1. Work out from phi, with θ = phi - 60° and the Karplus expression 6.51 cos²θ - 1.76 cosθ + 1.60, the ³J(HN,Hα) of each residue of the stretch 62-71, listed in order in whole Hz, and give x for Gly and Pro.
2. For a quick check: sort Val82, Val4, Val38, Val25 by the number of other beta carbons within 10 angstrom, fewest at the front.
3. Which net charge results when you count Lys and Arg as +1 and Asp and Glu as -1 among the other residues whose beta-carbon is under 14 Å from that of Leu45?
4. Build a GNM of the chain with springs between Cα atoms under 10 Å: which of Gly33, Gly51, Gly84 gets the top mean-square fluctuation?
5. Per q in 0.28, 0.35 1/Å, what log10 I(q)/I(0) does a Debye calculation on the alpha-carbon atoms of the stretch 11-51 return?
6. Report the relative contact order of the chain, percent, no decimals, based on alpha-carbon pairs under 8 angstrom and at least 6 residues apart.
7. Pull up the DSSP beta bridges for the stretch 5-107 and report the antiparallel fraction as a percent, rounded to 5.
8. Using Cα springs under 10 Å in a Gaussian network model of the chain, which residue among Arg85, Arg36, Arg97 shows the largest mean-square fluctuation?
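Read-outs throughout are calculated quantities, based only on the coordinates presented, and are distinct from any laboratory measurement. Remember, it's a predicted structure, so these values are computed and weren't measured experimentally. Cβ: placed from backbone, ideal geometry, glycine included. Neighbour counts: every protein chain shown.
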Amino acid sequence: MTKVIDITDQNFEDEVLKSTLPTEVDFWAPWCGPCRMVLPVYDKLSEEYDGKFKFCKMNVDENSQTAMKYQIVSIPMQMYFVNGRKVDEILGAVPERTIRSKVEEILSLP
């Protein structure tokens, strides 16, 4: 069972910006083929990094306020947050090793 959390404009601050864990947000939409391609990767990593790293997804069609705030113009867009600050991003459907490498890099930050 996936541990990826569906987030909305209403709970973005609590789930992402106030999270005690480093957090990834996958900005996506159901009609986006590349977005659907990477969803299983986040499902897998959310299980693997449970308790160490938080994985979230946000449907940009249903949550335009946050998408506009972070200037999401292309999807899939993955943004990474630590202590309420955006620390990195990856645009596009990338291989699992790229995402895993980014997660490991963020976990190694002081």
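1. Per residue, the Karplus-derived 3J(HN,Hα) values read 9, 9, 5, 4, 5, 4, 5, 4, 9, 6 Hz.
2. Starting with the residue having the fewest Cβ neighbours, the order is Val82, Val4, Val38, Val25.
3. -1
4. Among Gly33, Gly51, Gly84, the largest mean-square fluctuation in the Gaussian network model of the chain belongs to Gly51.
5. For the stretch 11-51, the Cα-only Debye profile gives -1.01, -1.10.
6. 36
7. Antiparallel: roughly 60 percent of the beta bridges in the stretch 5-107.
8. The residue with the greatest mean-square fluctuation here is Arg97.
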